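Remarks on the structure that follows.
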Amino acid sequence: MGNVTSCTRSGLKDWFLQRVTAIIIMLYAIFVVIVVLTLSGDGSYHTWLAIFQNTWVKIFTILAFLSLMAHAWIGMWTIFTDYVTCACIRGFLQVAAIVGYLACFIWLICILF
C-alpha cells in the first residue's frame, strides 16, 4: 500500500505535475509583470480592482494559486518523507501544511470575490 498523502502516488507523475505547475506559475508571474509595467493609472487600489474585475483574471489567478499549492505540496511531501523519520511528526507537518494551504486558498477566494 502506497503513501496516501502523496499527490499522484507515482514519482514520475509527481515530477511531471510539478513541471506543469511551474509553467503555469511562470506564465502568471509574466502576466503580473506585464500588468505592473503597463499600468495606466497610479497603481492605486481602484486600478488593481479594475484589473481583477475581469473574470478571466480571476480564473487565471485561481489556477495559478492551485498550481502553486500543488507545486508546494509535492515539494513539501518529498521533504517530509525524505527527512522527517518520525511518523507522528511527519503526519503533523503534513496536516499543518494542508491546513495552511487551504486557509490561504480560502483567503484568496475571499479577496477575489
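The figures follow:
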item: Number of the exception - Ser40 against (1) surrounded by 10 or more Cβ atoms within 10 Å (Cβ to Cβ); (2) in contact with a helix residue (DSSP H, G or I) (Cβ under 8 Å, 6 or more places away or on another chain); result: (1)
item: Qualifying residue in region 77-98 (condition: touching a Leu at 6+ places or on another chain (Cβ under 9 Å), in contact (Cβ under 8 Å) with a residue 24 or more places away in the chain and either not acidic (Asp, Glu) or not in a helix (DSSP H, G or I) (or both)); result: no
item: Inter-residue pairs, beta-carbon under 8 Å, first under 20 Å from Phe60 (Cβ atoms) and in region 32-46, second in a loop (DSSP other than H, G, I, E, B) and not aliphatic (A, V, I, L, M), 6+ apart; result: Val36/Gly43
item: Residue check, Leu49 more than 29 Å from Gly75 (Cα to Cα), part of a helix (DSSP H, G or I) and without any contact (Cβ under 8 Å) to a residue 12 or more places away in the chain; result: yes
item: Condition met for Leu27 (over 23 Å from Ala96 (Cα atoms) and part of a helix (DSSP H, G or I)); result: yes
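Table: residues versus (1) modelled with pLDDT of 95 or more; (2) exposed (fewer than 15 other Cβ atoms within 10 Å of the Cβ).
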{"residue": "Thr47", "(1), (2)": "no, yes"}
{"residue": "Ile51", "(1), (2)": "no, yes"}
{"residue": "Lys58", "(1), (2)": "yes, no"}
{"residue": "Thr61", "(1), (2)": "yes, no"}
{"residue": "Leu68", "(1), (2)": "yes, no"}
{"residue": "Trp77", "(1), (2)": "no, no"}
{"residue": "Thr81", "(1), (2)": "no, yes"}
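The values are calculated or read from the model by the stated rules, or taken from the named source; none is laboratory data. This structure is a prediction, so every number in the text was calculated from the model and none was measured. Note: ideal-geometry Cβ built from the backbone for every residue, glycine included; neighbour counts use all protein chains shown.
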